[in-house]
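The values are calculated or read from the model by the stated rules, or taken from the named source; none is laboratory data. Since the structure is predicted, the reported quantities are computational estimates derived from the model, not experimental observations. Cβ placement follows ideal geometry from the backbone for every residue including glycine, while neighbour counts extend to all protein chains displayed.
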């Protein structure tokens, strides 16, 4: 069955949001990456942008890297929310290459259209991953 144009638009928006998130993350721009999350976003058990910032900073590699996103699937939960599942492989870019993946994880997101009409990430889970503990 061919999805209608509104469903296709939501799926393309979901894909673009995932790509933009990892572009900002790979650029090590935490502020820009956080702007893609809702104010009340949940990442792991962290809720809200300040808590999400802490998770991002603890999970960010100290080395220059890139993420490769594959197997992306998106579907509408309702007119204002889209579920997205994908696989992200993280590569550390050191030396001349070739580069091997340092991690491969399946991700699950719920993206939400905010009152300003912008789609943002409301929930983000990485299956099988626990972020590093916060240093006191």
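May I ask you to verify whether residue 116 is without any contact (Cβ under 8 Å) to a residue 60 or more places away in the chain and under 24 Å from residue 10 (Cα atoms)? In short, yes. Of everything in the range 22-34 that is without any contact (Cβ under 8 Å) to a residue 24 or more places away in the chain and surrounded by 14 or more Cβ atoms within 10 Å (Cβ to Cβ), the residue that is nearest to residue 68 (Cα to Cα) is 23. Filtered by the rule that a residue be more than 18 Å from residue 104 (Cα to Cα) and more than 15 Å from the chain's Cα centre (by Cα), the range 59-80 gives 75, 76, 77, 78, 79, 80. Quick one: in the range 52-111, of everything that is in contact with a helix residue (DSSP H, G or I) (Cβ under 7 Å, 6 or more places away or on another chain) and at pLDDT below 85, which residue is farthest from residue 30 (Cα to Cα)? So the residue we want is 65.
Kindly indicate which of 73, 112 is touching a strand residue (DSSP E or B) at 6+ places or on another chain (Cβ under 9 Å) and surrounded by fewer than 17 Cβ atoms within 10 Å (Cβ to Cβ). The conditions single out 73.
Return the residues of the range 7-21 that are touching a residue at least 12 places away in the same chain (Cβ under 8 Å) and either in a strand (DSSP E or B) or in contact with a strand residue (DSSP E or B) (Cβ under 9 Å, 6 or more places away or on another chain) (or both); say none if nothing qualifies.
Listed by number, the residues that qualify are 7, 10, 11, 13, 14, 15, 17, 18, 19, 21.
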